[in-house]
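The values are calculated or read from the model by the stated rules, or taken from the named source; none is laboratory data. Computed from a predicted model, the values in this text were never measured in an experiment. Note that we place each Cβ from the backbone using ideal geometry, even for glycine, and neighbour counts take in every protein chain shown.
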Amino acid sequence: MNKAVNLVGKALPAIVFGALFFGFWEWAVRFFELKPYFLTAPSSIWGEFITNFSFIRRAATVSGTNALIGLVAGTVLGVAMSFGLSRFRFLNQIVTPLAVALNAVPIFVLVAVLNNMYSITSEIPRRVMVTLVVYFIVLVNVARGLTEVSPTHVEIMRSYAASDLAILRKVRIPNALPFLFVSLKIAAPAAVITAFVSEYFGGSQNGLGSRISSNIANSKNAVAWAYVLSACLLGLMFYLFSVLMESLNRKGEMK
Amino acid sequence: MTAVSIRKVSKAFNVGKSNQVDALHEVSLDVKPGEFVSLIGPSGCGKSTLLRLVANLLEPTAGEVMVNGKSAVTARLDQDYGMAFQQAGLFDWRTVRKNIELPLELKGWDKGDRQTRAEEMLQLVQLPEFADHYPWQLSGGMQQRIAIARALAAHPPLLLMDEPFGALDEMTREYMQGELLRICAATGTTVVFVTHSIPEAVYLSNRVVVMSPRPGRITKIVDVSLGGERTEETRNRTAFFEAITTVREGLRGMHAAHVGLGNDNR
């Protein structure tokens, strides 16, 4: 009971701000008689969202599936590689500059190259793209968690004649867990964004990203906004999921 | 048999390079079973290095270190000593109980035995009600007591301590010194203790080893006989102050020759 009151109290400022924001938006569109191609009212966006819900859901499923598959694959690969990096330090010197270099260019453009490798209707290029983005985020963070352990902890383990494997299991992995969850919090929304943006580089016109661009091209702005709303919701869902995972981990720790 | 036997041990870092540091030069020292020996000296005198050589966390460049009649490597692999550092070094993701059980886990003890021993150790450091707390929920002094409980969990005959109370406030520190003496008396553990504090070294030790830097070596060994059990009252005794003065003179003698040249090699 108290908890629920507390939660509402915490959420209240955000809810009030959101209501004011959309209220002002709606009012501004009506008061200044803004044309729909310039700015669409929230009420008509919501209307389109309801009307087109089954299409929106289908498109969201396509983008969401791409994002999810890429997120899982990238996380698994990133974690696996970070173990390799922490075991063989020389790999670190090879892979880290590569990771930095790849993060410096807008790597979405790679999807154009990948599209040429597969058939035009394939979802694989988009999934590979998401995997790549997630992979580097997870790799860099988890590798840090595995290597940056307290020197005192390592000395204590060595004083107990612990093997490298025991140090890995009892010190490095527990130390890296929070790093993994932080990286997931960054990677989950990034996966969704990458899945959308990948759709702008051709391939099937079935996901949220391509729906947004084609509706804008047809001047159906309210419908495009409805897809944008759905994209927001999808990104939010991924983010909340990663936060939930982290809090479950915390709870395990605090009992 | 001596608990620790150090024979003409030298340790140099960066051997053969322009920045070679001679941390220790031909140091010899014997520690008897049940004895409490403190190593004291300015930064860079090699006291922590010497402790790590005994722990086999470092290898000597020359000379020989024996622990419990075995080579230092064998002694480490047999877990013949426990170690405590300035940072308690407890694992935040383990409960207090699980922290104490760690060395036993590594020895392959089964769960029941581990739990029994952890209970025993918690009784010994007088914190049984904190078994299921996490380390970050405890004060610095409590954390250090848990670290001592962990170091002694496997009942090693030797305890190596590197400025374990260095980060505590003065009152907690004096309390911890009393606790340490009580625990060592109860378990009969031999202790080698590194410290910066003269009163701490004198209060705790049977012998205080005074070291000096460049190269690290032993310059003086002060026998401390305060007679009978050491209590808070001991700190007011004339013999206590006299021992402090003797150690201080030992430190000052070499300090005059090495003013401001301290170089911590830890």
Might you let me know whether the range B:90-108 holds any residue that is part of a strand (DSSP E or B) and either more than 14 Å from every other protein chain (Cβ to nearest Cβ) or of a type in the set (Lys, Arg) (or both)?
no
Scan B:Gly108, B:Gly112 and give me the residue that is free of Cβ contacts under 8 Å to residues at least 24 places away in the same chain, closer than 20 Å to A:Val154 by Cα and surrounded by fewer than 19 Cβ atoms within 10 Å (Cβ to Cβ).
B:Gly108
Considering each of A:Ser198, A:Ser210, A:Ser219, A:Ser230 in turn, give the residue that is under 30 Å from A:Pro42 (Cβ atoms), small (Gly, Ala, Ser), away from chain B (no Cβ under 14 Å) and out of contact with any helix residue (DSSP H, G or I) (no Cβ under 7 Å at 6 or more places or on another chain).
A:Ser219
Just one listed residue, out of A:Ile56, A:Ile50, is of a type in the set (Val, Ile, Thr) and closer than 30 Å to A:Ile137 by Cβ, and it is A:Ile56
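Residues that are of a type in the set (Val, Ile, Thr) and out of contact with any His (no Cβ under 8 Å at 6 or more places or on another chain): find the helices (runs of 4 or more DSSP H) completely inside the range A:162-255 holding 2 or more of those.
Where helices (runs of 4 or more DSSP H) fall fully within the range A:162-255 and carry at least 2 residues being of a type in the set (Val, Ile, Thr) and out of contact with any His (no Cβ under 8 Å at 6 or more places or on another chain), they are A:173-198, A:208-217, A:221-254.
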Only one of (1) in contact with a Pro (Cβ under 7 Å, 6 or more places away or on another chain); (2) farther than 30 Å from B:Phe85 by Cβ is not met by A:Tyr160, so which one is it?
(2)
Can you tell me which residue in the range B:74-89 is surrounded by the fewest Cβ atoms within 10 Å (Cβ to Cβ), limited to those that are touching a helix residue (DSSP H, G or I) at 6+ places or on another chain (Cβ under 7 Å) and more than 8 Å from chain A (Cβ to nearest Cβ)?
B:Ala88
So for the range A:179-193 (the condition being surrounded by 17 or more Cβ atoms within 10 Å (Cβ to Cβ) and either of a type in the set (Asp, Glu) or more than 23 Å from A:Val134 (Cβ to Cβ) (or both)), does at least one residue qualify?
no
Meets criteria (over 20 Å from B:Ser205 (Cα atoms) and away from chain A (no Cβ under 14 Å)) for B:Gln115
yes
Look through B:Arg94, B:Arg150, B:Arg114 and report the one residue that is touching a helix residue (DSSP H, G or I) at 6+ places or on another chain (Cβ under 6 Å), within 19 Å of A:Pro151 (Cα to Cα) and not small (Gly, Ala, Ser).
B:Arg150
Residue check for B:Gly166: in a loop (DSSP other than H, G, I, E, B) and touching a residue at least 24 places away in the same chain (Cβ under 8 Å):
yes
Can you find a residue in the range B:37-47 that is part of a strand (DSSP E or B) and modelled with pLDDT under 90?
no
Pick from A:Tyr200, A:Tyr227, A:Tyr239: which is at pLDDT below 85 and aromatic (Phe, Trp, Tyr)?
A:Tyr200
Could you tell me whether the range B:8-20 includes any residue that is aliphatic (A, V, I, L, M) and part of a strand (DSSP E or B)?
yes
What's the number of the only condition in (1) in contact with an Asp or Glu (Cβ under 9 Å, 6 or more places away or on another chain); (2) buried (at least 18 other Cβ atoms within 10 Å of the Cβ) that A:Tyr135 fails to meet?
(1)
In the range A:140-195, residues that are more than 8 Å from chain B (Cβ to nearest Cβ), β-branched (Val, Ile, Thr) and out of contact with any Gly (no Cβ under 8 Å at 6 or more places or on another chain) total 8
Whichever residue in the range A:206-248 is in contact with a Ser or Thr (Cβ under 6 Å, 6 or more places away or on another chain) and closer than 13 Å to A:Phe55 by Cβ and, among such residues, is surrounded by the most Cβ atoms within 10 Å (Cβ to Cβ)
A:Gly207
